[in-house]
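The values are calculated or read from the model by the stated rules, or taken from the named source; none is laboratory data. All of these numbers come straight from a predicted model, not from anything done at the bench. No Cβ is skipped: glycine too gets one built from the backbone with ideal geometry, and neighbour counts run over all protein chains shown. Side chains are part of the model used for accessible areas, which takes the heavy atoms of the whole protein and leaves out ligands, DNA and RNA. Shrake-Rupley method; radii C 1.70, N 1.55, O 1.52, S 1.80 Å.
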Amino acid sequence: MSAEVPLSYYLILGALLFIIGAVGVLTRRHALVILMSIELMLNAVNITLVAFSRMQGNLTGQVFSLFIIAVAAAEAAVGLAIVIVLFNSRETLNIDEINLMKW
Amino acid sequence: MSPFIVALIPLLPALAVLVNGLLGFRVLKEKAHRLGVGSVALSFLLSLWVIWQVAFAGARADLVFYEWVVAGNFSVSIGFLIDPLTAVMLFVVTGVGLLVHIYSIGYMHGDPGYPRFFTYMNLFMVSMLLLVMANNYLLLFVGWEGVGLCSYLLIGYWYEKKSASDAGKKAFIVNRIGDAGFLLGVFLVFMTFGSLDFREVFPRADQAAVGVLTAITLLLFVGAVGKSAQLPLHVWLPDAMEGPTPVSALIHAATMVTAGVYMVARSHVLFSLAPVSLQVVAAVGALTAIFSASIGLVQNDIKRVMAYSTVSQLGYMFFGLGVGAYAAGIFHLMTHAFFKGLLFLGAGSVIHALAGEQDMRRMGGLRSHLPVTAPTLYVASLALAGIPPFAGFWSKDEILGAAFKEGQYLLWALGVVAAFMTAFYVFRMIYMTFYGESRVERERAHHIHESPRVMTWPLILLAALSTVGGIIPGFPPEGGLIHGFLGQVFASHGAPEAQHGLELVDYGLMGVSVAVGLAGWGLARFFYISRPEIPGALARRFSFVYRLLLNKYWVDEIYAALVVNPLLRLGRSLRNFDERVIDGAVNGVSFLTVLWGRISDLFDRFTVDGAVNGAGAVVRGGARNFRRLQTGFAQNYALAMLLGIFVIASLYLLF
Amino acid sequence: MEQFFFFLFAAGAVISALLVISRRNVMHCALFLVLTFFFVAAIFVLLKAEFLAAVQVLVYAGAIMVLFTFVIFLVHIPRTEKIRQTFRQKNLALALGLLLGLEVAYILYGTMAAPASLPAAAPVGAVGNTESFGVALFTRFLFPFEVVSVLLLAAMIGAIVLAKKEIDR
């Protein structure tokens, strides 16, 4: 009897990674680090989905994870393009110096 | 029935939307109509084939093409339901749609947005076809929202004009109110039956409690009220006349606005089990019919007369559905599509001839200039007024007859009065436009011309349909072809569609209908041909009533006072708050200092310094906190989201 | 045995994730992110999702991170490490994150632990994960799959349009 890992452990790991990512998004100023934190959050979701997929014994969760990876790739491409444009026009990557949303 | 052909009916216009939308302005330009009209024509032919199969081969189909949403025990498919009701709607949508598309070639000729126009029109066809062919409520809702979107796009088609873009927004927002109700109704259907498929919901309808069914049907009816412009959400339709006239004909007369009627008829199983809802439907319908007919009496804009007439006729349809005469309601939907489409296209032809003039006070005597438009419009008016043997008589008479036999005497009386008003205002329109002396402005007068053939042929075809479209399917009353056809859908669920012979009361009611129509006609003739001075005198004599009607009972103004302005005021005060407190704080301490100084100045005169400092601190602290609310930093907002998650998780933990 | 590896990889993932959001040098952040991705891929292997683990390494640790490093080189600002790294709301966010983490962990531990272990023999293993995954992807999920391909195309065009220099017409 090998020590199986309960589902809840995976879920807790996913939740922890997600919150680490969220805290990263909320605290850092550097646009690139924020993007990386978002990738962390997406990965955390993937862990949760794959864990559920394993528990349910079907592949829907894994397929969904694959789609999330694709979406993450798209998001990274567009996000990084925005970062480059931002840098070219503002000479800064600090999010709190970019406040166009405030009138 | 081949699923492939059925699927092609909405797919062909969808393809045309793609091609026209992507290539229209660069490649097709003035040839955009070839795709737009061609795809609709093919759809129409395929629809005819489907209708043939349904009518003569007895084919029924519930085709599922794709499992759209699967989540737990909730599943929705993209599937089409083909039955007689769908067949009738297919005929109306693709048939009238095709004629309007052809007409648009002439009407929109030379417009800078020509490809855009056909893209929107085809998108509308796709949505409407989805709506009438859907086999579940969610897909129906997709079409429902799609036609709403197209309506918005097409009302605001001339978006450079402020009134047009405003009207588009108004239509969209008013529709949204109805859609919210509809969506809630759909949720409740799912809660109750665990499915959204018609074939799952309707057979089990009688298992649900009457209270629940009443709630469901009333919510669905809220959606229908919004989409079909019934009281009290009718305000958007008259303004929708800002769009190009073919749009008014197709969307705001013949098809989209009938979506609510179709939806109620489709859900007749639920409505039949909820008598309270049916009574509400009938009452709202009858009230709307007389309410907007009375407004139509005094309007001077030719398209507005039509608009109120549409609202009023839609009221008739709901009235018919509400008294359980579903087949009569759908029958009226069909005949109305013919003659109202014709009325609008004819009005468009008049406007086209007068280079954009819409005010009937500056028309008159146009009969000889417009040899095709004038007689076809006359036919349409006869049909609308309910003069036999034209189309409108058969369907309207059935609705009124059903109401009378159901014992709804008060509503029946309302309907009869509305019919009288209808006959009056439509012939008032005819006489003001085509008869009497020409009041056309001089610079417009010399280039009055009949429309090109691409515009007149649809008029002639619709005139033919308005003539025979009632008597062929509808004779004898309550036993005609269309009743046998639609009865297969409606009769199976205990709706009062029993076949019986004509009795004395039927002839009596028919006589009343005809008499009322003729009376309205005669009065209009008396007022506007024989004694043209009377209307003005009456308007002066009863100036309050006249102004009440001319200003549409001030409904817009009431809404403005009760709903719109308070919201605007709230918005403005928030903006003031923004400008004074938030931006002041943000732009620097200077503003705060001034404010603080002012306050301390005030307080200095009356109170001690301690209170001053306290007040200053309160203002400063309050400003600082309020400023946080709108920092412009997405991260702050994200933090608020996280806080929300935290609160929800805590609630979960606590309870 | 499985538990041992789980804790090993989980600890690795959490620690490197923490380093991602706390390092001052952006390049270090990126490298730790790669490390996190590897640990997550290992977790996927534990969950018998071998194909996804491979995709994780190839797409995330490979493609996406290469993109990140390129952008870091492109926009590198020399003195970026000296300046303040954190946003004003740092303390509030940290506290909230900590609270939320504890709370969620507690909830999950309390409710999800009840079925003590995963089903021993998940049916997915029968044919081989990659094969059954492919079958599912190209039959039941064909339409979403195509939609995702359109999304990627749109993102590609969007990225090019955004990042290219203005071309004078």
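Conditions tested, residue by residue: (1) within 21 Å of B:GLY97 (Cα to Cα); (2) at pLDDT 70 or above; (3) surrounded by fewer than 18 Cβ atoms within 10 Å (Cβ to Cβ).
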| position | (1), (2), (3) |
| --- | --- |
| B:THR456 | yes, yes, no |
| B:GLY470 | yes, yes, no |
| B:GLY484 | no, yes, yes |
| B:GLY487 | no, yes, no |
| B:LEU509 | no, yes, no |
| B:VAL512 | no, yes, yes |
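Given (1) modelled with pLDDT under 80; (2) in a helix (DSSP H, G or I), where does B:ALA495 come up short, assuming only one miss?
So B:ALA495 meets the others, but not (2).
B:ARG439: over 26 Å from B:VAL505 (Cβ atoms), open to solvent by 10 Å² or more (accessible area, probe 1.4 Å), assigned to a helix (DSSP H, G or I) and in contact (Cβ under 8 Å) with a residue 12 or more places away in the chain, yes or no?
For B:ARG439, the condition - over 26 Å from B:VAL505 (Cβ atoms), open to solvent by 10 Å² or more (accessible area, probe 1.4 Å), assigned to a helix (DSSP H, G or I) and in contact (Cβ under 8 Å) with a residue 12 or more places away in the chain - is not met.
Going residue by residue through the range B:51-63, is there one that turns out to be touching a strand residue (DSSP E or B) at 6+ places or on another chain (Cβ under 7 Å) and acidic (Asp, Glu)?
Yes, the range B:51-63 contains a residue that is touching a strand residue (DSSP E or B) at 6+ places or on another chain (Cβ under 7 Å) and acidic (Asp, Glu).
Could you grab me the full set of residues in the range B:171-188 that are at pLDDT below 90 and either β-branched (Val, Ile, Thr) or crowded, with 22+ Cβ neighbours inside 10 Å (or both)?
Residues satisfying the conditions are B:ALA171, B:ILE173, B:VAL174, B:ASN175, B:ILE177, B:GLY178.
In the range C:41-52, what count of residues is obtained for those that are aromatic (Phe, Trp, Tyr) and open to solvent by 10 Å² or more (accessible area, probe 1.4 Å)? Before you say what the answer is, go through the steps one by one.
Residues of the range C:41-52 aromatic (Phe, Trp, Tyr): C:44, C:51.
Remaining after also requiring open to solvent by 10 Å² or more (accessible area, probe 1.4 Å): C:51.
Result for the range C:41-52: 1.
Would you say B:MET263 is closer than 30 Å to B:SER165 by Cα and in contact with a strand residue (DSSP E or B) (Cβ under 8 Å, 6 or more places away or on another chain)? Before the answer, list the steps.
Working: closer than 30 Å to B:SER165 by Cα: yes; in contact with a strand residue (DSSP E or B) (Cβ under 8 Å, 6 or more places away or on another chain): no.
Here the answer is no, as B:MET263 does not meet what is asked.
I'd like the residue in the range C:104-139 that is at the interface with another protein chain (Cβ under 8 Å from one of its Cβ atoms) and in a loop (DSSP other than H, G, I, E, B) and, out of all such residues, is modelled with the highest pLDDT.
Step by step, filter the range C:104-139, then rank; the result is C:ALA113.
Pairs under 6 Å by beta carbon, first residue farther than 14 Å from A:LEU32 by Cα in the range A:67-78, partner open to solvent by less than 20 Å² (accessible area, probe 1.4 Å) and among the small types (Gly, Ala, Ser), six or more apart or different chains?
These pairs meet every condition: A:ALA74/C:ALA155.
Could you check, for the range A:49-70, whether at least one of its residues is more than 7 Å from every other protein chain (Cβ to nearest Cβ), touching a Gly at 6+ places or on another chain (Cβ under 6 Å) and modelled with pLDDT of 90 or more?
The answer is yes; a qualifying residue exists.
Output the residue which, of all residues in the range C:13-30 that are crowded, with 17+ Cβ neighbours inside 10 Å and over 16 Å from A:MET41 (Cα atoms), is farthest from the other protein chains (Cβ to nearest Cβ).
Out of the qualifying residues, it is C:ARG23.
Among the residues of the range B:264-293, write down those that are open to solvent by 10 Å² or more (accessible area, probe 1.4 Å) and among the small types (Gly, Ala, Ser).
Listed by number, the residues that qualify are B:SER272, B:ALA283.
Does the range B:42-56 contain at least one residue that is open to solvent by 50 Å² or more (accessible area, probe 1.4 Å) and modelled with pLDDT under 85?
Going through the range B:42-56, the residues open to solvent by 50 Å² or more (accessible area, probe 1.4 Å) turn out to be B:42, B:45, B:48-49, B:52, B:56.
Imposing the further condition that a residue be modelled with pLDDT under 85 reduces the set to B:56.
Looking through the range B:42-56, at least one residue is open to solvent by 50 Å² or more (accessible area, probe 1.4 Å) and modelled with pLDDT under 85.
Looking at A:LEU40, is it surrounded by 24 or more Cβ atoms within 10 Å (Cβ to Cβ) and over 30 Å from A:ASN88 (Cα atoms)?
no
Conditions first: (1) touching a residue at least 40 places away in the same chain (Cβ under 8 Å); (2) away from chain B (no Cβ under 14 Å). A:TYR9 passes all but one, so which condition is the exception?
Among (1) touching a residue at least 40 places away in the same chain (Cβ under 8 Å); (2) away from chain B (no Cβ under 14 Å), A:TYR9 violates only (1).
Just wondering, is there one or more residues in the range B:225-238 that are farther than 22 Å from B:TYR152 by Cβ, touching a residue at least 24 places away in the same chain (Cβ under 8 Å) and open to solvent by less than 10 Å² (accessible area, probe 1.4 Å)?
No, every residue in the range B:225-238 fails to be farther than 22 Å from B:TYR152 by Cβ, touching a residue at least 24 places away in the same chain (Cβ under 8 Å) and open to solvent by less than 10 Å² (accessible area, probe 1.4 Å).
Could you say which residue among C:VAL66, C:VAL55 is open to solvent by 10 Å² or more (accessible area, probe 1.4 Å), assigned to a helix (DSSP H, G or I), among the hydrophobic types (A, V, I, L, M, F, W, C) and within 27 Å of A:GLY61 (Cβ to Cβ)?
The match here is C:VAL55.
Could you please let me know if A:VAL5 is at pLDDT below 85 and open to solvent by less than 40 Å² (accessible area, probe 1.4 Å)? Steps first, answer last, please.
On the way: at pLDDT below 85: yes; open to solvent by less than 40 Å² (accessible area, probe 1.4 Å): yes.
So A:VAL5 passes the test.
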